[in-house]
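Enquirer: The structure that follows is given in the form of structure tokens.
The values are calculated or read from the model by the stated rules, or taken from the named source; none is laboratory data. Since we're looking at a predicted model, the values are computed, not measured. Neighbour counts are summed over all protein chains in view; Cβ atoms, including those assigned to glycine, are modelled from backbone coordinates with ideal geometry.
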Amino acid sequence: MRAEPPPVDDATLERAAELLRGGRLVAFPTETVYGLGADATNDRAVAGIFAAKRRPSFNPLIVHLADTGQVAALAEWNNRARRAAARFWPGPLTMVLRARADTPISKLATAGLDTIALRVPAHPLARDLLRRTGRPVAAPSANRSESLSPTRAEHVREGLGDAVACVIDGGACPVGVESTVLDLSDERPALLRPGGVARAALEALLGPLAGLAGHASPSAPRAPGQLLRHYAPRTPVRLNATHVEADEVLLGFGPDLPSGGRRQVNLSVSGDLTEAAANLFDALHRLDQVGARCIAVMSVPGTGLGEAINDRLLRSAHSPSTK
């Protein structure tokens, strides 16, 4: 068991808020993954996110807010968005809405689109930091583009190093996969990225959701997490494994794991999808450090949070693009 960090004090949060207001980058925990934050109204600060992550500029960012009261100045509310916010905010849901013509958010954060992705996180440290900062904060995952998402502060430090002015260590992220992205900017709601809020919960509130077809393109995404290769370790990933070779490592799920391999990590011995989601990225980080030929990944059911887990695994296994 890893020792959890000491509580974050007021002085650390005040310093982090001051850094954000000054245009610097701050990594902080949310309930989903660690975010790499910058003042979303500051073009130069937002550009720093893209530089630190080596992220393509056509890939928009999620803007994090302290509370729903900030939305009206940034985007066009609609009844469905208000209902979703009342049910799922604060929490792991991002909503894509039409941006106001006079929105103060940097066009770099929206990738020049007429929409904006907004979220009110539930993590107490994130909300405290956002309140102290007093500005919207653009915050994608605090990692290099395409690589594994960080669910612990050490993942951020290992991946980004001194590109970040401050890392707030809040321990492990409890949800462990990124937020669900729901597009409410068009007539029919669409699920752009599965995540911490399950599709079934959204459809119970809003009715059937459209899929990605017609709503997103990997070359011109409307929201983060839509690139074909994403969330990827350095080690190649083999999906739907029923066995593991001697020079492989195994990412398992459930009580019955095949024997063998250089190392094995089980996402959930009991087959609990909530536990598996929380363990996913940390397990991949650990297996990636072994230096094996391949990470063999057992099948995970696609229901509930399993939809988000399988989305991340599928993108992590996609071959790197060649240029």
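Enquirer: Has region 139-152 got at least one residue that is assigned by TED's automatic domain parsing to the domain that holds Ala27 and not in a loop (DSSP other than H, G, I, E, B)?
Expert: For region 139-152, residues assigned by TED's automatic domain parsing to the domain that holds Ala27 and not in a loop (DSSP other than H, G, I, E, B): present.
Enquirer: Considering only residues that are crowded, with 16+ Cβ neighbours inside 10 Å, touching a residue at least 60 places away in the same chain (Cβ under 8 Å) and not in a loop (DSSP other than H, G, I, E, B), which ones fall in region 191-211?
Expert: Of everything in region 191-211, those that are crowded, with 16+ Cβ neighbours inside 10 Å, touching a residue at least 60 places away in the same chain (Cβ under 8 Å) and not in a loop (DSSP other than H, G, I, E, B) turn out to be Leu192, Arg193, Arg199, Leu202, Leu206.
Enquirer: Within region 68-102, can you find the residues that are outside any helix (DSSP H, G or I), touching a helix residue (DSSP H, G or I) at 6+ places or on another chain (Cβ under 9 Å) and either in contact (Cβ under 8 Å) with a residue 60 or more places away in the chain or under 21 Å from Ala201 (Cα atoms) (or both)?
Expert: Trp77, Trp89, Pro90, Leu93, Met95, Leu97
Enquirer: Can you report the number of residues in region 164-190 which are buried (at least 21 other Cβ atoms within 10 Å of the Cβ) and either of a type in the set (D, E, K, R) or not in a loop (DSSP other than H, G, I, E, B) (or both)?
Expert: So the count comes out to 7.
Enquirer: If you take the residues of region 275-318 that are charged (D, E, K, R) and without any contact (Cβ under 8 Å) to a residue 24 or more places away in the chain, which of them is surrounded by the fewest Cβ atoms within 10 Å (Cβ to Cβ)?
Expert: My answer is Arg286.
Enquirer: Find all pairs meeting these conditions: Cβ atoms under 8 angstrom apart; at least six residues apart or on different chains; first residue within region 120-144 and over 14 Å from Thr68 (Cα atoms); second residue of a type in the set (S, T, N, Q).
Expert: The qualifying pairs are His123/Thr30; Ala126/Thr30; Ala138/Ser106; Ala139/Thr30; Ser141/Ser149; Asn143/Ser149.
Enquirer: Mind checking whether some residue in region 227-240 is part of a strand (DSSP E or B), over 29 Å from Trp77 (Cβ atoms) and either modelled with pLDDT of 95 or more or β-branched (Val, Ile, Thr) (or both)?
Expert: Yes, some residue in region 227-240 is part of a strand (DSSP E or B), over 29 Å from Trp77 (Cβ atoms) and either modelled with pLDDT of 95 or more or β-branched (Val, Ile, Thr) (or both).
Enquirer: A further question on this structure: What about Ser321, is it surrounded by fewer than 19 Cβ atoms within 10 Å (Cβ to Cβ), among the small types (Gly, Ala, Ser) and either at pLDDT below 95 or not in a loop (DSSP other than H, G, I, E, B) (or both)?
Expert: Against the criterion (surrounded by fewer than 19 Cβ atoms within 10 Å (Cβ to Cβ), among the small types (Gly, Ala, Ser) and either at pLDDT below 95 or not in a loop (DSSP other than H, G, I, E, B) (or both)), Ser321 qualifies.
Rundown of residues vs (1) in contact with a helix residue (DSSP H, G or I) (Cβ under 6 Å, 6 or more places away or on another chain); (2) at negative phi; (3) touching a residue at least 24 places away in the same chain (Cβ under 8 Å), yes/no style:
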residue: Ala11; (1), (2), (3): no, yes, no
residue: Gly22; (1), (2), (3): no, yes, no
residue: Phe28; (1), (2), (3): yes, yes, yes
residue: Gly35; (1), (2), (3): no, yes, yes
residue: Gly48; (1), (2), (3): no, yes, yes
residue: Arg55; (1), (2), (3): no, yes, yes
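Enquirer: So for region 253-274 (the condition being at pLDDT 95 or above, of a type outside the set (Asp, Glu), within 18 Å of the chain's Cα centre (by Cα) and surrounded by 19 or more Cβ atoms within 10 Å (Cβ to Cβ)), does at least one residue qualify?
Expert: Looking through region 253-274, at least one residue is at pLDDT 95 or above, of a type outside the set (Asp, Glu), within 18 Å of the chain's Cα centre (by Cα) and surrounded by 19 or more Cβ atoms within 10 Å (Cβ to Cβ).
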